[in-house]
1. Out of the range 135-153, which residues are buried (at least 17 other Cβ atoms within 10 Å of the Cβ) and among the hydroxyl-bearing types (Ser, Thr, Tyr)?
2. Specify which of the listed residues (Phe132, Phe127, Phe107, Phe114) is touching a residue at least 40 places away in the same chain (Cβ under 8 Å) and surrounded by fewer than 16 Cβ atoms within 10 Å (Cβ to Cβ).
3. Filter the range 157-176 down to residues that are open to solvent by less than 60 Å² (accessible area, probe 1.4 Å) and among the small types (Gly, Ala, Ser) and give me whichever is nearest to Phe293 (Cα to Cα).
4. So Ala313 ticks every box in (1) part of a strand (DSSP E or B); (2) over 25 Å from Gln280 (Cβ atoms) but one. Which box is left unticked?
5. Only one residue in Val239, Val167, Val203, Val192 is within 16 Å of ligand 1 (Cβ to nearest atom), in a loop (DSSP other than H, G, I, E, B), in contact (Cβ under 8 Å) with a residue 12 or more places away in the chain and aliphatic (A, V, I, L, M). Which one?
6. Sort through Leu273, Leu229 and tell me the only one that's outside the structural domain of Phe107 (by TED's automatic domain parsing), in contact with a Pro (Cβ under 9 Å, 6 or more places away or on another chain) and open to solvent by 20 Å² or more (accessible area, probe 1.4 Å).
7. For residues that are part of a strand (DSSP E or B) and within 15 Å of ligand 2 (Cβ to nearest atom), tally how many sit in the range 248-272.
8. Would you check if Ile234 is touching a residue at least 12 places away in the same chain (Cβ under 8 Å) and more than 16 Å from ligand 2 (Cβ to nearest atom)?
Amino acid sequence: MKRKRKIAVILIGSLLLTGCAAQLEEIIYASKETTESIFAMDTYMTVTAYGAHGKEAVAEAVKEIQRLDDLLSTGSEESEVTALNQNGGGILSEDTAYLWEKSVEAFEETKGAFDVTIYPVMKAWGFTDSNFQVPEKEMLQKLIQKVDSSAAVYDAEIKNLQLPQSVEIDFGGIAKGYTSERVAQVMKDCGVKSGMLNLGGNVELIGEKPDGSKFKVAIQSPAHDGNYLGVLQISDMAVITSGSYERYFEEDGVTYHHIIDPTTGYPANKGLLSVTIVSQDATLADAYSTALFVMGTEEAISFWRTHTKEFDAVLLTEEGELLVTEGLQGAFSSERAYHIIEKQEDIK
Ligand code: AMP
Ligand code: MG
């Protein structure tokens, strides 16, 4: 009898001990950081996972980035996008079908400010191969007639996309957002509950920091001075920035950047230097960051007012004014002065 009780005590004791050990292991592993950096999609990317499954998750994340880069790169002869452009369309893979559908949604919502059929114009400027040049005005006028996503014929049932002659697509304005969405999912599937992706300044947060606090995401300043426009304290969100400072060239003292206004064929020039979108939908955030840059300050604000449930934004105007939408109040902080844009237009 005594002996039995002793065994029971030992058993309970060892169970408690293994429970503690497991808990302890979890605490140690929770803050364990696994990070890897790679160069893909023309930019430096960093993938970070916290916790027990980090190593495997980061390895899977890198594979996923490379898979999508191979699929979407306009610079590669082997990519699916290149094949679509060369063949005037075709049956889309699951990824490109999703991207096309999201792109068309953004095209319609933004009344054409976001248009992936911009590719021939990007080529004319040399942004696709870094052979930069200012195209003739007549040439741009001819090219923009073909920039129109609504001219493509798409059968969603069988994912068949047919592009009219001379129409070519470039997912450059949406691909990084989609990639971060996919990579975050791959990492979550590996069991990651906390992590961060930084795809060339576009950030996606998985959950919260291991200690349960929010991540701090700094928004880069276009001035290249190492300063930040501000810091966002958030979790489980995508933070995606489009700026004229990201890719540009100079000719005869004029700077030409890579975000093109589809109505003119010229770099968008409506008063904004940078647009940051904060949203749970990284793909949409990427499309909207490009689109709002094209729209310019006034239109971007009106657009946000009709989409407040989908995203928030931080805008920097050419005059140096920093505008932050109401939903980020509390999350955004800055040493600079900034103005909160309210959901309801201020009628004075
Ligand atoms: P982002 O940095 O997300 O603003 O994307 C810029 C990239 O999007 C460019 O390098 C082009 O590949 C593509 N792009 C430029 N202008 C547009 C536009 N108006 N609509 C859709 N994509 C665009
Ligand atoms: Mg974009």
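The values are calculated or read from the model by the stated rules, or taken from the named source; none is laboratory data. Predicted model, so just to flag it, every value in this text is computed and none were measured. So basically every Cβ, Gly included, is an ideal-geometry build from the backbone, and we count neighbours across all protein chains shown. All accessible areas refer to the heavy atoms of the entire protein, side chains included, with ligands and DNA or RNA removed. Shrake-Rupley method; radii C 1.70, N 1.55, O 1.52, S 1.80 Å.
1. Ser149
2. Phe132
3. Narrowing the range 157-176 to residues open to solvent by less than 60 Å² (accessible area, probe 1.4 Å): 160-161, 163-164, 167-176.
So of that shortlist, the ones also among the small types (Gly, Ala, Ser) come out as 172-173, 175.
Values: Gly172: 15, Gly173: 11, Ala175: 17 Å.
Selected residue: Gly173.
4. Status for Ala313: all satisfied but (2).
5. Sole residue among the options that is within 16 Å of ligand 1 (Cβ to nearest atom), in a loop (DSSP other than H, G, I, E, B), in contact (Cβ under 8 Å) with a residue 12 or more places away in the chain and aliphatic (A, V, I, L, M): Val167.
6. Just a single option satisfies the conditions, and that option is Leu273.
7. 4
8. Yes: the conditions hold for Ile234.
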